[in-house]
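K.L.:
Structure provided below as structure tokens; questions to follow.
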Amino acid sequence: MNKSGNDLPQPILNSQFSTLDSPLILGVETSCDETSVAVIDSEGRVLSNVIASQVDAHAKYGGVVPEVAARAHLENLPGTLDRALARSGLSLNNIDIVSATAGPGLIGALLVGLSAASALAFARGIPLVAVNHLEGHLFSAFLTPDGEPAREVTYPFHGLVVSGGHAELVRVEEDRVVPLARTRDDAPGEAFDKVARRAGLPYPGGPVIDRIAARSRGGGVALPIGRLGDGSKDFSFSGLKTAMLREFERRGVTGAKLDPEAIDSGLVDLFASFQRAIVDALLERVEAVHEAEGIERLALSGGVAANSELRARLAAWGEQRGVTVHLPARALTTDNAAMSAWAGWLRYRREGPQPRETISARSRWPLGS
Ligand code: KG4
Ligand code: ZN
């Protein structure tokens, strides 16, 4: 029992932590369909990064169902936290900062992780940092999965975040993120997932189509790259998706279950063309930004950053143009808490403690705001 007459430990003043030389950071991520908890140190070594995927729970619906996600986070979070601490060889008492994704994402899902993180930080009397999920992706390209310190983050750099919910091209300066282009409709991962679903392929569609496209021997069809007529650098993927649906109709692809290993070479080439069109669209905008303002370093991130063709072609582009391209480790491309911990620590180092009353879950939270 403490002085105030209850069993809760009293919060310790945040300011004492600014004197910590090498804090340990616990990250929590529950913005969509992965429940993840990680521990990193202040140099960005990933000490543990446990991800409990809900893919199976959502697969039968062909996409993420918000209520199912929130419930699964509630069930998975305690065990995920225990495993993350056990794997790092640490206990909660060793943790100095808690960093949780506060948005953008599914509000019910975000609330589970943020509330748990908030309770942990309060109970231990240590700072809580609210992290933007996209900022988490953005800086994930600097982390390594094998216990090495993170690569040095040198500003300014450009970031391309491509996931199931976002396509964002930004310039990152030391104290701000400047948005340069974003998608006006579907995100690239969403286009992969929707097209796969309409073809009867398993969810999530991105990795499935990636593997199918690798079997193509060339050929295929010309598909439209979404260009907006207003001179904007924004992305648009809905026209490409519609073109694919028309191709499916023409070829008698009805949406009945398809075995990815057993599809004919015509369809293999069609999926390869679709993937190529997405990568073309992304590279075209990167090139336009390079021409406009000169990219020195480009950090790729987000679930679609696992795509083989995107990684290979962006790396080749970087070599041609003399641009350093940071590709994230594949294990850190989809949602994970190591990235929340890392972005939270970078933010804390930059800005210091955030007042608790300013922290809340946000379903919308554009980068740079
Ligand atoms: O970042 P993420 O885990 O969640 C969001 O924040 O959206 O990204 C998930 C997305 C899904 O749409 C999935 O199909 C896509 O990333 N994805 C891929 C690949 N692996 C995952 N897309 C293309 N190629 C891949 N290899
Ligand atoms: Zn994500």
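K.L.:
Is the C-alpha gyration tensor of segment 141-190 telling us rounded, prolate or oblate? Criteria: a/c under 1.5 is rounded; beyond that, a/b larger than b/c is prolate, otherwise oblate.
P.N.:
oblate
K.L.:
Leaving out ligands, DNA and RNA, what percent of the accessible area of the chain is carbon and sulfur, probe 1.4 Å?
P.N.:
Here carbon and sulfur together make up 50 percent of the probe-accessible area.
K.L.:
Going by average Cβ neighbours within 10 Å, how do the peptides 320-331, 303-314 rank, with the highest at the top?
P.N.:
Most protected by this proxy first, the peptides run 303-314, 320-331.
K.L.:
Next question, about the same structure. Dipole of segment 215-256, Cα-centred, from +1 at each Lys and Arg C-beta and -1 at each Asp and Glu C-beta, to the nearest 20 debye?
P.N.:
Using Cβ point charges on Lys, Arg, Asp and Glu, segment 215-256 gives about 260 debye.
K.L.:
Enumerate lysine pairs in the chain that are 8 or more residues apart or on different chains, then count those whose Cα atoms are under 25 Å apart.
P.N.:
Taking the Cα cut-off of 25 Å, the pair count is 8.
K.L.:
Report the FRET efficiency, 1/(1 + (r/R0)^6), for Asn93 and Arg246, where r is their Cβ-Cβ distance and R0 is 41 Å, rounded to 0.05.
P.N.:
Efficiency, rounded to the nearest 0.05: 0.10.
K.L.:
Cα-based Rg of the chain per 2.2 N^0.38 Å, rounded to two decimals?
P.N.:
That works out to 1.02 for the chain.
K.L.:
Between Glu148 and Ala123, what is 0.36 nm times their sequence separation minus the Cα-Cα distance? Round to one decimal in nm.
P.N.:
Gain on stretching Glu148 to Ala123: 5.9 nm.
K.L.:
Quick one: net charge around Thr101, please, counting Lys, Arg +1 and Asp, Glu -1 for every other residue with C-beta under 9 Å from its C-beta.
P.N.:
With Lys, Arg at +1 and Asp, Glu at -1, the neighbours total -2.
K.L.:
Whole number in Å², please: accessible area per residue of the chain, 1.4 Å probe, ligands, DNA and RNA not counted.
P.N.:
Here the per-residue accessible area is 44 Å².
K.L.:
Follow-up. Using only C-alpha atoms and all pairs of different ones, pull out the Kirkwood radius for segment 273-369 in Å with one decimal.
P.N.:
After inverting the pairwise mean of 1/r, the radius is 15.8 Å.
K.L.:
What is the calculated FRET efficiency for Asp259 to Glu43, with r their C-beta to C-beta distance and R₀ = 51 Å, to the nearest 0.05?
P.N.:
It comes to 0.65.
K.L.:
Among Ala213, His326, Ala243, which residue has its Cα furthest toward the positive end of the charge dipole of the chain, with +1 on Lys/Arg Cβ and -1 on Asp/Glu Cβ?
P.N.:
The residue sitting most towards the positive pole is Ala243.
K.L.:
Using DSSP, restrict attention to beta bridges with both residues in the chain and report what percent are antiparallel, rounded to the nearest 5.
P.N.:
Of all bridge pairs located within the chain, approximately 60 percent are antiparallel.
K.L.:
While we're on this one: Which order do peptides 31-43, 269-281 fall in by mean Cβ count within 10 Å, highest first?
P.N.:
31-43, 269-281
K.L.:
Between Glu319 and Glu296, how many nm apart are label points set 7 Å from Cα along the C-beta direction?
P.N.:
2.4
K.L.:
Using mean Cβ contacts within 10 Å as the protection proxy, how do 187-193, 133-139, 348-354 order, highest first?
P.N.:
Final packing ranking: 133-139, 187-193, 348-354.
K.L.:
Taking the Cα centre of the chain as origin, work out the dipole magnitude from +1 charges on Lys and Arg Cβ and -1 charges on Asp and Glu Cβ, in debye rounded to 20.
P.N.:
540
The values are calculated or read from the model by the stated rules, or taken from the named source; none is laboratory data. Remember, predicted model here, so these are calculated numbers, not experimental data. Reconstructed Cβ throughout: ideal geometry from the backbone, glycine too, with neighbour counts over all protein chains shown. Ligands, DNA and RNA are stripped out before the accessible areas are found, and what is left, the full protein with its side chains, is counted by its heavy atoms. Shrake-Rupley method; radii C 1.70, N 1.55, O 1.52, S 1.80 Å.
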